[in-house]
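Just below is one structure, and these are the notes that go with it.
Readers should treat all values here as calculations from the given coordinates under stated rules, not as data from a laboratory. In this text, all values refer to a predicted model and were calculated from it rather than measured experimentally. No Cβ is skipped: glycine too gets one built from the backbone with ideal geometry, and neighbour counts run over all protein chains shown.
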Amino acid sequence: MESHDAKLLRAQTHIWNHIFSFINSMSLKCVVELGIPDIIHNHGQPISLSNLIASLPIHSSKTHFIPRLMRIMVHSGFFSQLNHTDNDLEVKYALTDASLLLVKSHQMSMAPFLQAQLDPVLTNPWTQVSSWFKNGITTSFEMTHGKSFWEYAGSDPRINILFNDARASDAQLITSWVIEKCKGVFMGLESLVDVGGGTGTMGKAIAESFPQLECIVFDLPHVVSGLQGSDNLKYVGGDMFEAIPPADAILLKWILHAWSDEECVRILKKCKEAISKKGKVGKVIIIDIVMDNEVKDEEYVETQLFFDMLMMVVLNGKERNEKEWVKLFSSAGFNNYDITPVLGIRSLIQIHP
């Protein structure tokens, strides 16, 4: 049995681990900003430490720190270290699945998402959360910046571009999976509106894969201005709280978790109006997290909890379990739903009036 002192030492280590867990994300940010995943990818094979150092845009006095940066990233699963030789400069590093998704040229690159979330604009609100709990301001983000995230993104082109690029890269990953594994979701539909569809990554892919489908990408005017459609794809600017273009199906990809329950009910009621205008009643397709939904993987659960806190601090939204989702659906007049947990930490939900 563990002694009292051993328990205290274990507890101390646990606390240290959590105090310093930001070091993982900040080291990863450094690796991406230095372009290390890109350098290894462009090398075409595992790269030696000496070659990696020669390719980096760093000051000569900093070269001996690179093995230490790589060591923690190997431990965190972002690179694999292939050969342990007596000559440290000949140690070789290769990409893992995770660092491949951080190569900037990868069509599903998560680098924009990393750069957006770890930008000081988005990290500073986390230092204010305890103060936020003591006042009536909606989010810690608003308390820090004097405006909501949406207002901030609308007025700061740099953050707006980072946010839209982050959404686009995620849409690439989700779309290929949804189109391949969930084709039936789109069968028999003649029209679809991707609400909050950003710059149209998912809308374009759906339009190309299902030529019979008339697709509309619907988002705020400053997001879709100047974007060009195609034969069966067009961009429409507007506000989902006021009116959504009519269609057989409405797609809400990672939208509802960013809003409060009251706002979600308003959005879903607008969706219900939109799918009822054409004479026949359509459906709403939701891609979002369902908490506690058959997820046994500890990393999945922790990631869902991280997203729930992110929604609280930045957007006044939340991640919901099945019971909470059903309450929203019934409040907005939807009686039938089907949840398919096929998208990693997220699920595909279909709802009908």
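Descriptive notes on the structure:
- Exposure proxy shown here: for W177, W325, W150, the number of other Cβ atoms within 10 Å sets the order, fewest to most, as W150, W177, W325.
- Just checking the listed ones, V326, V223, V195: in the Gaussian network model of the chain with Cα springs under 10 Å, the one fluctuating most is V326.
- Less than 5 angstrom separates the built amide H of E214 from those of S191, L192, all sequence-distant by 5 or more or on a different chain.
- Annotation for region 310-353 versus region 168-186: alpha-carbon center distance of 18 Å.
- Going by neighbour counts of Cβ atoms within 10 Å, the residues C215, C182, C30 line up, fewest first, as C30, C182, C215.
- Over region 108-194, Cα pairs under 8 Å with separation of 6+ residues give a relative contact order of 37 percent.
- In terms of its alpha-carbon gyration tensor, region 255-319 comes out oblate; a/c meets the 1.5 threshold, while b/c is at least as large as a/b.
- Estimated 222 nm signal from helices in the chain, with DSSP H stretches of n ≥ 4 weighted -39500 (n - 2.57), rounded to 500: -13000 deg cm²/dmol
- Ranked for footprinting exposure by Cβ neighbours inside 10 Å, fewest first, T13, T201, T175 give T13, T175, T201.
- Computed from backbone phi with θ = phi - 60° and the Karplus coefficients 6.51, -1.76 and 1.60, the 3J(HN,Hα) list for region 29-34 is 4, 4, 4, 5, 5, 6 Hz; x is used for glycine and proline.
- Cα-centred dipole magnitude for region 4-101, charges only on beta-carbon of K, R (+1) and D, E (-1), debye, nearest 20: 300
- Cross-link reach is defined here as a Cα-Cα straight distance under 20 Å, omitting same-chain residues fewer than 8 places apart; for K92 the lysines meeting it are K62.
- Fraction of antiparallel bridges per DSSP, the chain only, in percent to nearest 5: 45
- Here the Karplus curve 6.51 cos²θ - 1.76 cosθ + 1.60, taken at θ = phi - 60°, turns the phi angles of region 129-140 into couplings of 4, 5, 5, 4, 4, 9, 9, x, 6, 4, 9, 5 Hz, with x standing for Gly and Pro.
- Within straight-line cross-link reach of K147, lysines at Cα separation under 21 Å, skipping those fewer than 8 residues along the same chain: K134, K318
- Taking amide hydrogens as placed 1.01 Å from N in the peptide plane, the amide H of L343 sits under 5 Å from those of L348, each at least 5 positions away in sequence or on another chain.
- Comparing mean-square fluctuations of V178, V342, V314 from a GNM of the chain with C-alpha springs under 10 Å, the top value falls on V342.
- Computed over the chain with a Gaussian network model linking Cα atoms closer than 10 Å, the most mobile of H75, H59, H106 is H59.
- Q128-E322 FRET efficiency (beta carbon distance; Förster radius 45 Å; 0.05 resolution): 0.90
- Positive minus negative residues near M108 (Lys, Arg vs Asp, Glu; Cβ under 14 Å): -2
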